[in-house]
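Contents: one structure, followed by commentary.
The values are calculated or read from the model by the stated rules, or taken from the named source; none is laboratory data. Model, not experiment: these values are computed from the prediction. Quick note on the areas: whole protein, heavy atoms, side chains included, nothing else; ligands and nucleic acids left out. Shrake-Rupley method; radii C 1.70, N 1.55, O 1.52, S 1.80 Å.
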Amino acid sequence: MAVMIHSKYGYEPPEWVQADAHLDKWYKDKKRRAKQHGAFSLDKKRRKQL
């Protein structure tokens with residue numbers, strides 16, 4: 001049986017822990033970039049309609 005490592009998602013094989021870390025980094029960067037570029041912002045500047 002493979003060695004199991006305790007991660008924030010429970011006990012997993014080392015490959016899964018590494019994959020989770022990679023996905024977490026990717027998701028965090030994606031959220032940061034979206035926030036930086038104003039994507040999904042509810043308070044966007046809107047034109048007044050006449």
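At-a-glance table
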{"read-out": "With DNA, RNA and ligands ignored, accessible area of His6 (1.4 Å probe; Å², nearest 10)", "value": "120 Å²"}
{"read-out": "Placed amide H near Ile5: partners under 5 Å, 5+ positions off or other chain", "value": "Glu12"}
{"read-out": "Karplus-derived 3J(HN,Hα), 6.51/-1.76/1.60, for each residue of segment 21-35, Hz, glycine and proline x", "value": "5, 5, 5, 4, 5, 4, 5, 5, 5, 4, 5, 5, 5, 5, 5"}
